[in-house]
Amino acid sequence: MSISSLKSIQFSEIPIQQRLIQKTLGHISEAVMYMDASHRIVYVNERFQQLTGLQFYDVSGKTPQELTKTKPEFSFYSHMLQTAEKHGYWQSEIWNQHENGQIYLQSVIMMTNKDDAGNIQQYIVVFSKDRDHQLYEKELTADAASSYDTLTSLPNRLLFEKHVMHAIQQPGTSTSLAVVFFQLERFADFNEKYGILFGNMVLKHLAARLNHHFYHRAIFSRWKGTEFACILKDVTNQQEIHASIEVIREKISAPMNIKGFDISLQAKFGVDLYTQGTSVSDFFSNAKAALQQAKKTEEPIVFYRKTMEKSEELFLMEAELRQAIKEKQFELYYQPLICTKDKTLLGFEGLIRWNHPTKGVVPPVAFIPFAEQIGLIGDIGRLVFEKACRQIADWEAAGFDFGKIHVNISMNELHQSQIVEQFAAVLETTKINPDKIGIELTESSTSLNMEDTINKVKALEKLGLSIAIDDFGTGFSSFDYLIDFPIQRIKIDRSFMKALGNNKKISAIVMSIALMGETMGLEVVAEGIETEEQLQQARRLNCNVVQGYLFDRPLPKEVVEEKWFRTV
Ligand code: C2E
Ligand code: CA
Ligand code: CA
């Protein structure tokens, strides 16, 4: 016997098991609905009828699609059916409205029941209001009379605030909730032209239209006069919100015929996307501030800036960086490394610059830390290494005596990419002697897998590359690196060199770093040498190599060739 016959036959005729099922379903606190394979509703239990206010005869034998015309809430089930057919299961939370107008939140599960051949026989829908929702509902109904706007029957400010508060408390809401304030424009014209009663009818009509159309996706409230508010749920980015507001705009501006007059409305919108920790009142005032801004400009939809602008900027930068990698918009500038003893040229440090299509030359501090965060540093590092190797090949071919080129690699770059294989491939294709290229390792801000980093550094050294610890003494683990990594050089950060003369403690630290380097047989490089005095200090400390503006700034390759290779 099929479930479809449950309602149409005498109880005594039903086999015992089904009677039990029916009796149980009749008393559980979850609402249950069955549909047959062709989506016709064949059974609803008592709780369903209580919860929705719909009787069995209202829905029996009908499909959700047919019911949607008169009961918009059923449009939702059509959508659920498609997903459940595909995956066998569907679960979510939806806002619903009782026949008496009360709005409530439900958790809904839809399952399919298949025969042995895998054909769907029934759809089972179970929906419930959990404990919190029941409390929430009680709270809402306690002051139901004072919760709805008398003109439009939309939730008033008080109720709207409760809805927002409740939505914020739901897990995972932090990135999926937006509040929109909108104000109808030139509404006073209607009131003046046709009278206040006419204006009221327009507002009533508009509220019904919005409510009907956005039944499950948004909650509207009449805030005051011609100002409305709305909650959008399950929205994660500006585009999605924009698209939803565009639909609201369409519904507002669609022609309306009131008492034989065709009218059309316009509105301005202010939006804020919820961020964790924001209070409801700040959330509202952000959206209202955005609305005020919209009213002042041509823009119909304005997002609250403080939160949105920043993420938009970063979003843009990420897209631009990806494009820059694709188009290889990077260049290396070369800064000379000088022998402390006789001031001869020992090599260059290659420092990246981004030739941005509109912003011009962008320094590394403006994009390298961001590239590390979003995982693009591996791609950039590969381009840098390739560029340096090609430069070495070119300068060798041209017969320039440039010494060696050192490039920077941040440590988190090491375990993000197939760096060893990639570098080996570049060495192979450019056919340069690995002895000509060195790597300066910088501690990175993001978390590291130290074991992997050590293995990668060892593998790079095996390729024949010399390894330096950059900015020595500024990181957390400088001394560990000395023990764990196969290194040849340490670079004393320029902040130390700068403070040398006037800070005895720093002088002592630098002295011991230099002494330790010397004892361990490492090359010690002092960076940031700007004055003759600093050069003398570096000499006294037995630093082997110096680098800084005293000798030259980082230069584009053409300038290096012009200035350095003619004089060497
Ligand atoms: P760094 O490795 O410590 O590089 C030295 C920085 O100090 C360079 O800044 C250089 O222009 C600057 N500098 C050199 N001599 C002097 C001086 O006498 N006085 C002063 N005030 N500054 C001097 P730049 O080129 O802006 O690079 C900044 C940082 O960006 C580098 O610091 C390095 O950590 C990072 N970086 C540069 N290129 C790359 C790269 O290709 N990959 C990675 N991962 N990081 C890079
Ligand atoms: Ca460096
Ligand atoms: Ca440095």
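Taking a sphere under 12 Å around the Cβ of Gly199 and counting the other residues whose Cβ falls inside, with K and R at +1 and D and E at -1, yields a net charge of +2.
Loop-only check: which trypsin sites (Lys or Arg not before Pro) in segment 177-275 are DSSP coil with at most 10 other Cβ within 10 angstrom? If you can, show how the numbers build up before the last one.
Values: sites: Arg186, Lys193, Lys204, Arg209, Arg217, Arg222, Lys224, Lys233, Arg249, Lys251, Lys259, Lys268; in loops: Arg186, Arg217, Lys259.
Loop-located and lightly packed - Arg186, Lys259.
Between Gln65 and Arg553, the simple spin-label model (points 7 angstrom out along Cα→Cβ) gives 7.0 nm.
Among Lys341, Lys387, the order of accessible area from largest down is Lys341, Lys387, computed with a 1.4 Å probe on protein heavy atoms. Quick one: net charge of Leu291's neighbours, Cβ under 9 Å, K/R +1, D/E -1? Around Leu291, the charge tally is +2.
Hey, how much of the P(r) for segment 176-295 falls beyond 19 Å, as a percent of Cα pairs? Pairs farther apart than 19 Å: 46 percent. Taking chymotrypsin sites (Phe, Trp or Tyr not before Pro) across segment 448-489, the ones in a DSSP loop with at most 14 further Cβ atoms lying within 10 angstrom of their Cβ are Phe476. Histogrammed with a bin width of 10 Å, the alpha carbon distances of segment 310-459 distribute as 10, 38, 35, 15, 2, 0 percent, first bin at zero.
With K and R counted +1 and D and E -1, the other residues having a Cβ less than 12 Å from that of Gly347 yield a net charge of -2. Of the residues Lys162, Lys504, Lys343, the one with the largest accessible area comes first in the ranking Lys504, Lys343, Lys162, computed with a 1.4 Å probe on protein heavy atoms. Using a simple spin-label model with pseudo-atoms 7 Å out from Cα toward Cβ, Glu421 and Glu298 lie 5.3 nm apart.
When each pair of different Cα atoms in segment 420-558 is counted once in the 1/r mean, what is the Kirkwood radius in angstroms, to one decimal? Mind showing how you got there, number by number?
Working: mean 1/r = 0.0615 Å⁻¹.
So the Kirkwood estimate lands at 16.3 Å.
The values are calculated or read from the model by the stated rules, or taken from the named source; none is laboratory data. Just so you know, these numbers come straight off a predicted model, no measurement behind them. Here the Cβ is made from the backbone with ideal geometry for all residues, glycine too, and neighbour counts use every protein chain on show. Each accessible area value is taken on the protein alone, full model and side chains, heavy atoms only, with ligands, DNA and RNA left out. Shrake-Rupley method; radii C 1.70, N 1.55, O 1.52, S 1.80 Å.
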